[in-house]
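S.K.: Before I ask anything, let me first share the structure, which is written out below as structure tokens.
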Amino acid sequence: MVSSKKRLVFHAILTKTLSTHPKILIRLLALFCLTFPAVSNAEELLFADDFQNGEISDEWVFYGDPTSIINQNRGNPAPCFCNNGDSMYGSGIFTRESFSIENGLVVECDFFVNSHPRGAWIDARFQVCDINQIIPGHEPPTFVGISYSFYGELDWSAPHLQGVVGQLIAGENIPTLVHMNQWLNGWFTYKIEITPEGFCSLFMNDSLLGVYQPACLNGVEQVVVILGGRSSSWGIALHDNLRVYVP
């Protein structure tokens, strides 16, 4: 990488030469292009949704009951997606389009979760899943993804864990960070990166949570993207600014 100091020196030389020797300007410009090639963004955006049109488009397929909705009053910025699941059952949506993982894939999304301190079963999650495992109308199986949940006093199975970041890997939700209540009541970005070799890296606000090579990806060619989770009278779980791209 060329330093900024060298760039400034080259620019000064170019400026002086232009005023005294205009005939060699073309040669200098060619040299500049070779020395400082343009930096291009190689990302190939495949799909995005920020829900700004105020409705869930027909690019999504619903699952669960109650049905997912748009929250018109919150978002990053408002409006945003609300999974609208209840304390017993998850609800959500998955993309009608599927995406190849042959050349790698990145999926990122913003979460917002809040909860009463005694609440429980509040959960925002997103994941990718083998398209061949999707059954319309049914909640997709846990495949590869990230969740942020709240487990308060009401959760008798594991009380007082409170804010928990979980990694969804091949049918298992692995609690990675617990008591993360500072991530309540704010928008945070979560990301899944899949390499062509089948490695999965999971991030929260660009901080690496873990790297896996899940067996569930063996032989998988196409995946769908899922937004889902649970809310209740104790709290709410929201999603916004989904992006799917090839790095």
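S.K.: Within the range 125-142, track down each residue that is modelled with pLDDT of 90 or more and farther than 19 Å from Val164 by Cβ.
M.R.: Val128, Cys129, Asp130, Ile131, Asn132, Gln133, Ile134, Ile135, Pro140, Pro141, listed by residue number.
S.K.: Exactly one of (1) under 23 Å from Asp65 (Cβ atoms); (2) crowded, with 23+ Cβ neighbours inside 10 Å; (3) modelled with pLDDT of 95 or more; (4) not aromatic (Phe, Trp, Tyr) is unmet by Ser115. Its number?
M.R.: Going through (1) under 23 Å from Asp65 (Cβ atoms); (2) crowded, with 23+ Cβ neighbours inside 10 Å; (3) modelled with pLDDT of 95 or more; (4) not aromatic (Phe, Trp, Tyr) one by one, Ser115 breaks only (3).
S.K.: Name the single residue, out of those in the range 118-132 being within 13 Å of the chain's Cα centre (by Cα) and not small (Gly, Ala, Ser), that is surrounded by the fewest Cβ atoms within 10 Å (Cβ to Cβ). Let's see the steps before the verdict.
M.R.: Taking the range 118-132 and keeping what is within 13 Å of the chain's Cα centre (by Cα), we get 124-128.
Then drop every residue that is not not small (Gly, Ala, Ser), which leaves 125-128.
Working: Arg125: 26, Phe126: 27, Gln127: 24, Val128: 28.
Looking at residues that are within 13 Å of the chain's Cα centre (by Cα) and not small (Gly, Ala, Ser), I get Gln127.
Let's see how each residue does on (1) touching a Phe, Trp or Tyr at 6+ places or on another chain (Cβ under 6 Å); (2) in contact (Cβ under 8 Å) with a residue 12 or more places away in the chain:
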{"site": "Asp65", "(1), (2)": "no, yes"}
{"site": "Arg74", "(1), (2)": "no, yes"}
{"site": "Pro79", "(1), (2)": "yes, yes"}
{"site": "Phe112", "(1), (2)": "yes, yes"}
{"site": "Ile135", "(1), (2)": "no, no"}
{"site": "Phe150", "(1), (2)": "no, yes"}
{"site": "Trp156", "(1), (2)": "no, no"}
{"site": "Val165", "(1), (2)": "yes, yes"}
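S.K.: Here is a further query. Within the bounds of the range 152-163, is there any residue that is of a type outside the set (Asp, Glu), within 25 Å of Gly235 (Cα to Cα) and within 18 Å of the chain's Cα centre (by Cα)? Walk me through how you get there before you give the answer.
M.R.: Going through the range 152-163, the residues of a type outside the set (Asp, Glu) turn out to be 152, 154, 156-163.
Add one more test, that the residue is within 25 Å of Gly235 (Cα to Cα), and what stays is 152, 154, 156-163.
After this cut, where a residue has to be within 18 Å of the chain's Cα centre (by Cα) as well, the list is none.
No, because not a single residue in the range 152-163 is of a type outside the set (Asp, Glu), within 25 Å of Gly235 (Cα to Cα) and within 18 Å of the chain's Cα centre (by Cα).
Residue-by-condition table, conditions (1) more than 30 Å from Leu227 (Cβ to Cβ); (2) in a loop (DSSP other than H, G, I, E, B); (3) modelled with pLDDT of 70 or more:
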position: Ile26; (1), (2), (3): yes, no, no
position: Leu31; (1), (2), (3): yes, no, no
position: Leu34; (1), (2), (3): yes, no, no
position: Pro37; (1), (2), (3): yes, yes, no
position: Ser40; (1), (2), (3): yes, yes, no
position: Leu46; (1), (2), (3): no, no, yes
position: Ser57; (1), (2), (3): no, yes, yes
position: Phe62; (1), (2), (3): no, no, yes
position: Pro66; (1), (2), (3): no, yes, yes
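S.K.: Something else now. Give the number of residues within the range 197-247 that are farther than 21 Å from Trp60 by Cβ, within 19 Å of the chain's Cα centre (by Cα) and either aromatic (Phe, Trp, Tyr) or not in a strand (DSSP E or B) (or both).
M.R.: Number satisfying all stated conditions: 10.
Table: residues versus (1) more than 23 Å from Glu97 (Cβ to Cβ); (2) surrounded by 14 or more Cβ atoms within 10 Å (Cβ to Cβ).
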residue	(1), (2)
Ile134	no, yes
Thr142	no, yes
Tyr148	yes, yes
Glu153	yes, no
Ala158	yes, no
Trp183	yes, yes
Asn205	yes, no
Cys216	no, yes
Gly219	no, no
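Residue by residue, here is whether (1) surrounded by fewer than 17 Cβ atoms within 10 Å (Cβ to Cβ); (2) closer than 13 Å to Ser231 by Cβ holds:
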{"position": "Phe81", "(1), (2)": "no, yes"}
{"position": "Gly85", "(1), (2)": "no, yes"}
{"position": "Met88", "(1), (2)": "yes, yes"}
{"position": "Ser91", "(1), (2)": "no, yes"}
{"position": "Glu102", "(1), (2)": "yes, no"}
{"position": "Cys109", "(1), (2)": "no, no"}
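The values are calculated or read from the model by the stated rules, or taken from the named source; none is laboratory data. In this text, all values refer to a predicted model and were calculated from it rather than measured experimentally. Don't worry about glycine lacking a Cβ; one is built from the backbone with ideal geometry, like all the others, and counts go over all protein chains shown.
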